[in-house]
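One structure is given here, and the rest of the page talks about it.
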Amino acid sequence: MSDITKLSLNELIKNIRNKKLSSTEITNSFIERSEKSKKLNTYVTDNFSNALAAAKIFDEKPNMDLKLPGIPIAVKDLFCTNGVRTTAGSNILNNFIPPYESTVTQSMWDEGAILLGKLNCDEFAMGSSNETSFFGNVQNPIGENLVPGGSSGGSSAALAANLTPVTIGTDTGGSIRQPASFTGTVGLKPTYGSCSRYGIVAFASSLDQAGPMSQNVKDAALLLEVISKFDNKDSTSIDFKRNKYSSELTNNIKGLKIGIPNEYRVEGMPKEIEDLWKTGIEIIKDCGAEIVDISLPNTKYALPTYYIVAPAEASSNLARYDGVKYGFRSEGENLIDMYEKTRSEGFGEEVKRRILIGTYVLSSGYYDAYYLKAQKVRQLIKKDFDNVYNNVDAILTPSTPSSAFKIGEKTDDPVSMYLNDIFTVPVNLAGLPGISIPTGIDNKGFPLGLQIIGKPFDEQTILNIAYSMEEKINFKNDITDWWM
Amino acid sequence: MDVMAKNNQFFIEREQNKYEVVIGLEVHAQVTSDSKLFSSSPTKFGAEPNTQVSLVDAAFPGMLPVINEFCIKQAIKTGIGLKAKINKKSIFDRKNYFYADLPQGYQISQYKYPIIGEGKVILDMADGQKEIGIERLHLEQDAGKSIHDIDPTNTFVDLNRSGVALMEIVSKPDLRSPEEVNIYIKKLRSIMRYLGTCDGNMQEGSLRADVNVSVRRQGDDNFGTRCEIKNVNSIKFMQMAIIYEANRQVDLIEEGKNIDQETRLFDTKKNETRSMRSKEDAHDYRYFPDPDLLPLEISDEFISKIKDEIPELPDEKKKRFIDKFNLSSYEANILVSDFDTSKYFEEVIKNSDVKLATNWITGELFAVLNEKNLEISKSPVSSNNLSKLINLIKDGTISGKIAKTIFEEMIDGDKDPQTIVDQKGLKQESDPKALEELINKVIKNNTSKVEEYKSGKDKLFGFFVGQVMKESKGKGNPQLINKILKEKLNG
């Protein structure tokens, strides 16, 4: 086999089932490439020796009926992994080793996958460039000193650089789709309630969802099939009938109606993005689907709403990191002093900024004006989608307002950083599924993605649309291994 | 202390003015449940520190609360017992604050939308009934325990209680005296024990209360400024705290000073309340709906199923006891106030006389339980044996006096009264011939007294009865002795 790491997930599985490749060979290849790619800074913690041992065990008694037989997979360091350090990209969990496994990752190991390592991310998934990680920024394999997007930046970079065949990220406001778009990969955020949040370090509970990131749509469908499960350990998990996403995948989308929301033509959007969108529309038409102009009038309120709801929940979710029970502790004169030192030294600037915003909007006297109002607007945004879904089956938008930017370019301007999520955030607020697929490149040669937004629980339709578009787009990522 | 309590009315008096005390209680009752409100950890009292703790209770990253359906049922049951509105939709909120024994950094509680709405509790006071309004009942998690006295420089934290389900039962400001508080707490506890929703054990902290106290001049319609006395864990301390606090407030008013709305602590050693924090320093808890939990929706079927499980409650039982057994309101109250007592009573009267049973339970048995500091469920005399004893009295086998002697013996190992009667030959002498012989003997030995009696000193009759009884070694049937003696003396 010339280069194992370039194979897609489905190709690897085929080779394993055909006994052309062993789990050990595959695992070794990804480890070797990962070892040579340290410059990308994608791994926070590797699990290489354990992975090799697990691969060996798999090969001795291979179970080919499993969905991910002997496949090594690195995951975002927001998923708690039993016995393997889990940091959420934060100093405050620098030394934290969970004695338990997240439901999503457990589902993968149950299907034969092997943990390759834990991938870098923005601290507590707060960021759009992976620059807020305590463990340093991640390099985008597309080009030197480019951000890989965020918060699942380690995941998107590792995937694009072929350090892992697929990966899983989490998406609170775009943290799967935006980095996928920045790295020329596929990223899917499922309907809220599809994938269990049990064992995922929480950022904003009402928005967080885990999802697959992959080289192609078929791989995403398979991985989603593995991780999308009802879980009674998560009270917000929903027990709906899931499709067999991979076997039901079809490129026949004839007759589907795809909405184009007028409000996503935001001011100052680069012409390249506009052109990309047009390309996408033409491809959709080519596939035999119908284009319908739609209106989502409350879109402009999505970003401010998100930046109230998410920090509010985060300010409360992150209260447990207090130095008392686990994780980082800075000694203090007394309890309050210990709290202050621990949290001052344990959290980075962006996390502190959001805790402050969240604490403020929940304070008595401000609650009604901010949090309560944001919740009401959130309902309106959701209603916008409900309304248009009476007429269309899915919605096509750009994934991001730009391609990957330079490391450091936006670190001093949080608002411009937050604008990255303008197309992805409404999807989280409405709890809908969304997928980003690589569609083209800008004039710098950096990948750009389009987003397909679906009806609740209708991941199958957006996968099908993405699958048929993917065939026509035939996007190839231009990765030069510049870091080696 | 210038306290006056007449006709169950309670006032604090000063030279010119009379003050009424207004009290509202927030009772924290631990839900009787094998597992916690949002986790499956056990809730055993007195376990080794930090042995009843799950990853959820210790708030590990990514851990999520899952509601315990049994605790919801218990809250609804209690709501039914309080004749309260069951809210079909309620919401769990996060109450945010930092403390070492609060692992999540927030307590999951219910704020704007509690599971139970308005209800009432009927108090049986010495001078009649009084209704106390219930404002709401909501479910919340307990915190852990900080232990400051093990080590001079460190605080220890025990998370066994962390996440244990509590019901906070908020009364309206309808209570007017320490005695009403006493009766109210006991009634509340009685209802919950009947329902099996809270064991009401104050020593183990299963029942504690925040006490809101204000005072106003007699006749005033408006409430005064209230102070909240936090976390008082016995009825006696509640009463002491109320009396201290009400007098403190009255003194302030008398001196023309303002009462500050504040949270106070009761110092049980000094018998005084002192300021904990002022209104200005009050925590901003930043309540908001817990996004980890969906709104709690309860169906009509769920509620009606629970209604089917509700046992007869003290108020209804009392009515039945009065109607069916002809008990006085006072007797019925005593018998129903504790579920186990009522259960014991009903077991005894299954096969024996109600009147005798009432007297024996509230008399002899209560005295023994009191003396030995025992609950009736641990009674040294079983209901079955007490029932037998009563039947022995009723059918004339033994006299009431002998019964008391036998009862003394029964206490030691729950002995069968019939066995004691047989072994000790305590069977009542009811043979008229045998009694007549004894009577003849007494008359013969007391000729002068007989003369006195016959010449009109009726009171001496008791003396003869006593002498005959003595001759019978206490076993003589008193009714028969009376009868024969009368015939002999008057004949």
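The values are calculated or read from the model by the stated rules, or taken from the named source; none is laboratory data. In this text, all values refer to a predicted model and were calculated from it rather than measured experimentally. So basically every Cβ, Gly included, is an ideal-geometry build from the backbone, and we count neighbours across all protein chains shown.
Some notes on this structure:
- Answer from A:LEU78, A:LEU68, A:LEU115 - the residue that is at pLDDT 95 or above, over 19 Å from the mean Cα position of the chain (by Cα) and of a type in the set (A, V, I, L, M): A:LEU68
A quick yes/no check of all residues on (1) over 23 Å from the mean Cα position of the chain (by Cα); (2) assigned to a helix (DSSP H, G or I):
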{"site": "A:VAL226", "(1), (2)": "no, yes"}
{"site": "A:SER235", "(1), (2)": "no, no"}
{"site": "A:ASP239", "(1), (2)": "no, no"}
{"site": "A:ILE253", "(1), (2)": "yes, no"}
{"site": "A:GLU274", "(1), (2)": "yes, yes"}
{"site": "A:LYS285", "(1), (2)": "yes, yes"}
{"site": "A:PRO304", "(1), (2)": "no, yes"}
{"site": "A:ASN317", "(1), (2)": "no, yes"}
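- Members of the stretch A:200-224 found to be of a type outside the set (Ser, Thr, Tyr), closer than 23 Å to B:ALA59 by Cβ and not in a strand (DSSP E or B), listed by number: A:VAL201, A:ALA202, A:PHE203, A:ALA204, A:LEU207, A:ASP208
- Subset of the stretch B:406-415 [touching a residue at least 40 places away in the same chain (Cβ under 8 Å) and not aromatic (Phe, Trp, Tyr)]: B:ILE411
- In the stretch B:51-95, of all residues being basic (Lys, Arg) and assigned to a loop (DSSP other than H, G, I, E, B), the one that is nearest to the other protein chains (Cβ to nearest Cβ) corresponds to B:LYS88.
- A:GLY408 of a type in the set (Gly, Ala, Ser), within 27 Å of A:ALA125 (Cα to Cα) and surrounded by fewer than 17 Cβ atoms within 10 Å (Cβ to Cβ): yes
- Checking B:LEU252 against (1) surrounded by 15 or more Cβ atoms within 10 Å (Cβ to Cβ); (2) modelled with pLDDT under 95; (3) not in a strand (DSSP E or B), the condition it does not meet: (2)
- Inter-residue pairs, beta-carbon under 6 Å, first within 7 Å of chain A (Cβ to nearest Cβ) and in the stretch B:284-297, second in a loop (DSSP other than H, G, I, E, B) and of a type in the set (Phe, Trp, Tyr), 6+ apart: B:LEU293/B:PHE92
- B:PRO432 being at pLDDT 90 or above and either farther than 21 Å from B:GLU331 by Cβ or polar (S, T, N, Q) (or both): no
- A:GLY358 meets the conditions (1) more than 14 Å from every other protein chain (Cβ to nearest Cβ); (2) buried (at least 21 other Cβ atoms within 10 Å of the Cβ) in every case but one. The failed one is (1).
- Unmet requirement for A:ASP413, which otherwise passes all of (1) farther than 26 Å from A:THR185 by Cα; (2) surrounded by fewer than 16 Cβ atoms within 10 Å (Cβ to Cβ); (3) touching a residue at least 60 places away in the same chain (Cβ under 8 Å); (4) among the charged types (D, E, K, R): (3)
- Residue identified as in a strand (DSSP E or B) and either surrounded by fewer than 20 Cβ atoms within 10 Å (Cβ to Cβ) or in contact (Cβ under 8 Å) with a residue 24 or more places away in the chain (or both) among B:ALA246, B:ALA209: B:ALA209
- In the stretch B:96-135, the residues that are in contact with a Phe, Trp or Tyr (Cβ under 9 Å, 6 or more places away or on another chain), at the interface with chain A (Cβ under 10 Å from one of its Cβ atoms), surrounded by 20 or more Cβ atoms within 10 Å (Cβ to Cβ) and not polar (S, T, N, Q): B:PRO103, B:GLY105, B:TYR106
- Scanning the stretch A:87-99 for residues being surrounded by fewer than 24 Cβ atoms within 10 Å (Cβ to Cβ), touching a helix residue (DSSP H, G or I) at 6+ places or on another chain (Cβ under 7 Å) and within 11 Å of another protein chain (Cβ to nearest Cβ) gives a total of 0.
- Candidate set: the stretch B:174-198, residues that are charged (D, E, K, R) and over 10 Å from the mean Cα position of the chain (by Cα); chosen: the one farthest from B:ILE12 (Cα to Cα): B:ASP174
- Filtering the stretch A:20-75 to residues that are in a helix (DSSP H, G or I) and of a type in the set (S, T, N, Q) leaves A:SER23, A:THR24, A:THR27, A:ASN28, A:SER29, A:SER34, A:SER49, A:ASN50.
- Long-range neighbours under 8 Å by Cβ, at least six apart or interchain, first residue more than 11 Å from chain B (Cβ to nearest Cβ) within the stretch A:320-335, second of a type in the set (S, T, N, Q): A:PHE328/A:ASN91; A:PHE328/A:ASN94; A:PHE328/A:ASN95; A:PHE328/A:THR342; A:ARG329/A:THR342; A:SER330/A:THR342; A:SER330/A:SER344; A:GLY332/A:THR342
- Residues within the stretch B:293-332 that are surrounded by 14 or more Cβ atoms within 10 Å (Cβ to Cβ) and out of contact with any helix residue (DSSP H, G or I) (no Cβ under 9 Å at 6 or more places or on another chain), tallied: 2
- Of the residues screened, A:SER344 is not one that is hydroxyl-bearing (Ser, Thr, Tyr) and facing chain B (nearest Cβ under 9 Å).
- Index of the failed condition, B:GLN107 passing every other in (1) out of contact with any Gly (no Cβ under 9 Å at 6 or more places or on another chain); (2) in contact (Cβ under 8 Å) with a residue 40 or more places away in the chain; (3) closer than 28 Å to B:ASN212 by Cα: (2)
- The criterion of at least 1 residues that are farther than 17 Å from B:SER399 by Cα, without any contact (Cβ under 8 Å) to a residue 40 or more places away in the chain and not acidic (Asp, Glu) is met, among helices (runs of 4 or more DSSP H) falling completely within the stretch B:416-469, by B:432-445, B:447-454.
- Index of the failed condition, A:ASN477 passing every other in (1) at pLDDT 95 or above; (2) in contact with a strand residue (DSSP E or B) (Cβ under 8 Å, 6 or more places away or on another chain): (1)
- Residue tally, condition acidic (Asp, Glu), more than 8 Å from chain B (Cβ to nearest Cβ) and crowded, with 24+ Cβ neighbours inside 10 Å, over the stretch A:283-319: 0
- Among the residues of the stretch B:36-50, none qualifies, meaning not one is outside any loop (DSSP other than H, G, I, E, B), in contact with a helix residue (DSSP H, G or I) (Cβ under 8 Å, 6 or more places away or on another chain) and within 14 Å of chain A (Cβ to nearest Cβ).
- Of the listed requirements (1) assigned by TED's automatic domain parsing to the domain that holds B:GLU346; (2) not in a helix (DSSP H, G or I), B:GLY474 misses just one: (1).
- Selection from the stretch B:136-161 of residues that are away from chain A (no Cβ under 14 Å), surrounded by 14 or more Cβ atoms within 10 Å (Cβ to Cβ) and either over 27 Å from the mean Cα position of the chain (by Cα) or among the aliphatic types (A, V, I, L, M) (or both): B:LEU137, B:LEU139
- When we screen A:ASP171, A:ASP219, A:ASP234, A:ASP208 for residues that are more than 14 Å from chain B (Cβ to nearest Cβ) and within 27 Å of A:THR359 (Cβ to Cβ), the only hit is A:ASP171.
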